[in-house]
Amino acid sequence: MTKRVFIVPVRHQEVELVESVEVLLGSMERLVIDRKLEALREFHRIGIPLDHALDCSVEKGHRPLIEALLNMGVTPSTATLLRAMRRGITIRNMFLDCVTPTVEHLNAAVVSGHFDTATLLLDRGVKPDALTVHCLRGEDKPAEDRKVFVGRLLATLDLKTLTLGETLERLPWWTSIAQFERALDRQGTLKEGRLNMLLTECLRAASPEHVRMVIRRGAVFGLGHFLLVNEADPPASESNPNKLWHPVVRTVLETAAEEGCLVASADTARGLIHHLVRNYALSAYVPEGMFVQHCRLIARASRTEERENLCQLVVEEIRQLRPRVFQDDISRLVKQVEPLFAEAESPADANTFEPGIAR
């Protein structure tokens, strides 16, 4: 039987690069799943980057593949570093043994919440930077390893980075009062403008202890700080990890009463009262006592001669809740609020000092 050979001419064919990459990555994932190390070595020999294979190996927890790929000199991406920090101590240590620790490793550990790893990297001489500070977030009841890391960070961070405005304003968000004091001691005497900026951030963080610390160092609480009560999105801090509005309001009003910088006109508190009544009075999602407590704070943080006007403003806002609220509920709430403004006492009634001047 005679064989016939047909020669087909070469034709130009376009290939989608994206599809080719997807096929390559898919093949690489399959090789990792099947643990085909020799095939991966062949990829490496012909110059195909294996960073995706390393990432897949970390995700699957294949330690021999991870070790082999690191020994080939594969450089992990930031995503791979994050994943490695989350895979446990053994895989973490494999990266630390094979890769020269850098600040990128440190920041990856901070982002993933592995503060024991972050502290270990500080012990190995890795210097934190401004991004390390930005990676930290306020937490409710921080763990002991996080407290240790924050203390080491504040002691290790170079003074130039520590005194940056963006670093300074974040300190009240994630430091204890003792850590905050040590950080301020490192910076020495701060100018009044920077202290006032720091006071603003302490108020936004809803941390009265931090507020008092800054005021003792020379910060001045002024009427401009009342504008903070109109902010709807405060930062997450250790005092207010859920970024709620009412802790900020409470901190601002308590500080105003303590410092004698009192509400001098109803217009100053109009926005606050409107928001407070609309979102907190007779709300099914907020304890009723919280609204009354805030009204008591408003009365205490206002001048005696202005309390009647403020009370009238609160009552008008409450009455505007109709028709969605029953009249009996409105009348009951008004009876609770009116005595607060009549009976309130503020430090300014018993002391003589200039409003807005820190004591």
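We did not get these values from a lab; they are worked out from the coordinates using the rules stated. What you see is a predicted model; the values in this text were computed from it and never measured. Using ideal geometry, Cβ is built from the backbone for each residue, glycine included, and neighbour counts are taken over all protein chains shown.
Tilt of helix 17-33 relative to the longest C-alpha principal axis of the chain, in degrees (0 to 90, nearest 10)?
80
Could you tell me the relative contact order of the chain? Use alpha-carbon pairs under 8 Å, at least six residues apart, and round to a whole percent.
Values: 414 pairs, mean separation 38.7, N = 359.
Reported relative contact order: 11 percent.
Take the Cα pairs of the range 31-99, get the Kirkwood Rh, then feed it into Stokes-Einstein at 20 °C and 1.002 mPa s and tell me D in µm²/s.
Approximately 182 µm²/s, per Stokes-Einstein.
With θ taken as phi - 60° and the coefficients 6.51, -1.76 and 1.60, list the Karplus ³J(HN,Hα) couplings across the range 323-328 in order, rounded to whole Hz; mark glycine and proline as x.
Computed from phi, the couplings for the range 323-328 are x, 7, 10, 5, 4, 4 Hz.
Let's test the formula: R0 of 41 Å, r as the Cβ-Cβ distance of residue 305 and residue 243. What FRET efficiency results, to the nearest 0.05?
Details: r = 36 Å, r/R0 = 0.88.
Taking R0 as 41 Å, the efficiency between residue 305 and residue 243 is 0.70.
What lysines does residue 243 reach when the alpha-carbon gap must be under 23 Å and sequence neighbours fewer than 8 apart in one chain are set aside?
141, 147
Can you work out ³J(HN,Hα) from phi for every residue in the range 290-307, in order, using Karplus 6.51 cos²θ - 1.76 cosθ + 1.60 and θ = phi - 60°, giving whole Hz and x for Gly and Pro?
Taking θ as phi minus 60°, the curve returns 5, 5, 5, 4, 5, 5, 5, 5, 4, 5, 5, 9, 10, 5, 4, 6, 9, 5 Hz for the range 290-307.
What nm value, rounded to one decimal, do you get for the distance between residue 155 and residue 338 when each label is placed 7 Å out toward the C-beta?
Label at residue 155, label at residue 338, 6.1 nm between them.
Could you please state, rounded to a whole Å, how far the C-alpha centre of the range 41-99 is from the C-alpha centre of the range 286-301?
So the separation of the two Cα centres works out to 56 Å.
Can you tell me which of 43, 115, 149 moves the most in a GNM of the chain? Springs connect C-alpha atoms under 10 Å apart.
43
List, in order, the whole-Hz ³J(HN,Hα) value for each residue of the range 273-287 obtained from phi through the Karplus relation with A = 6.51, B = -1.76, C = 1.60 and θ = phi - 60°; use x for Gly and Pro.
5, 4, 5, 5, 5, 5, 10, 10, 6, 6, 8, 6, 9, 10, x
Near the amide H of residue 302, under 5 Å away, which other amide H atoms are found, from residues 5 or more places off or on another chain, if H is placed in the peptide plane?
263
Can you tell me which aspartates and glutamates have their Cα less than 13 Å from the Cα of residue 160? Leave out same-chain residues fewer than eight positions away.
129
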